[in-house]
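Only the coordinates and a few stated rules stand behind these numbers; no lab work does. Just so it is clear, the model here is predicted, and its values are computed rather than measured. Here the Cβ positions follow ideal geometry from the backbone for every residue, glycine too, while neighbour counts run over all protein chains shown.
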Amino acid sequence: MSKPEPLPILCFPDPRLRTVAQPVAVVDERIQQQIERMFVTMYDAKGIGLAATQVDWHERLIVIDVSEERNEPLVLINPEVVWASDEKRKGEEGCLSVPGIYDGVERSVAVKVRALDEKGQSRTVEAEGLLAVCIQHEMDHLMGKVFVEYLSPLKRDRIKTKLLKAQRDAERD
Ligand code: NI
C-alpha cells in the first residue's frame, strides 16, 4: 500500500469546525487508517497536532507530535481530562485551521488525560508545557471550538474577515 495523500484541512470560519465529535465506538482498521491519514496530513502541514474535526471527521480522535525530530507520534482516542492544574499561563497559539494567525490563550500549565491509544489500550498521559497546551487545544476542536473563540469578538471578527478574503482570493487563482 502506498502512503495516503494528505487530507484537506477545514479553515475557520467553516461551520463544520463547530461540530461536536462523537466517541469512537471501536478502535478497528477503519480508525487505524484514519490515524495514519491524519499523521500524513499533520506532518505535511508542519503542524504539531491535528483533531479529526479539522479534516471533517467527527469522532473523538487526535494526533500529536510536539518533538523537534518529528518522531514522537501520540494518538489520543476518546480523551478525557482527569486533572488540570489550577496554575494557568497565557501562551501564543496557532492552528492549521486558522493559517497565519497567532495569539495568546490562557491554558492550564499541566494536564492529566485518559485516552485510548491506536491499539485500543487505555492509557494516562501526564503532560506539561507545549504538550499540555497542544492537548487542550486539540480537545477543544473535538468540542467544536477553535482557539480564536478565546479572543475578543473584535479580534475574532477581524480574523474571520481576513481569512474569508484569503479563501476568496485563493479560489480566484
Ligand atoms: Ni487547531
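Rounded to the nearest 20 debye, the dipole magnitude of region 1-153 is 260 debye, with +1 charges on Lys and Arg beta carbons, -1 on Asp and Glu beta carbons, and the Cα centre as origin. Once you've got the Cα coordinates, tell me which of K46/K160; K90/K145; K88/K165; K112/K165; K3/K46 are over 28 Å apart. As for pairs spanning more than 28 Å Cα to Cα, those are K88/K165; K112/K165. Residue-wise HN-Hα couplings along region 135-151, as the Karplus relation 6.51 cos²θ - 1.76 cosθ + 1.60 with θ = phi - 60° gives them from phi, are 4, 5, 4, 5, 5, 4, 4, 5, 8, x, 10, 9, 4, 5, 6, 7, 7 Hz; Gly and Pro carry x. Restricting attention to region 1-149, close to 95% of DSSP beta bridges with both partner residues there are antiparallel.
With both labels modelled 7 Å from their Cα along Cα-to-Cβ, the Q167 to E68 distance reads 3.7 nm. Mind listing which GluC sites (Glu not before Pro) in region 41-144 are in a DSSP loop and have 16 or fewer other Cβ atoms within 10 Å? Answer in residue order: E68, E69, E87. Scanning residues 5 or more positions from E93 or on other chains, those with amide H under 5 Å from its amide H are D103, G104, V105, with H placed 1.01 Å from N in the peptide plane.
For region 11-20, the Karplus equation 6.51 cos²θ - 1.76 cosθ + 1.60, evaluated at θ = phi - 60°, returns couplings of 10, 3, x, 3, x, 5, 5, 8, 5, 8 Hz by residue, with Gly and Pro reported as x.
Assuming charge only on the beta carbon of Lys and Arg (+1) and of Asp and Glu (-1), the dipole of region 1-49 about its Cα centre is about 160 debye to the nearest 20.
Taking a ≥ b ≥ c as the square roots of the eigenvalues of the Cα gyration tensor, the chain is oblate, since a/c reaches 1.5 or more and a/b is not larger than b/c.
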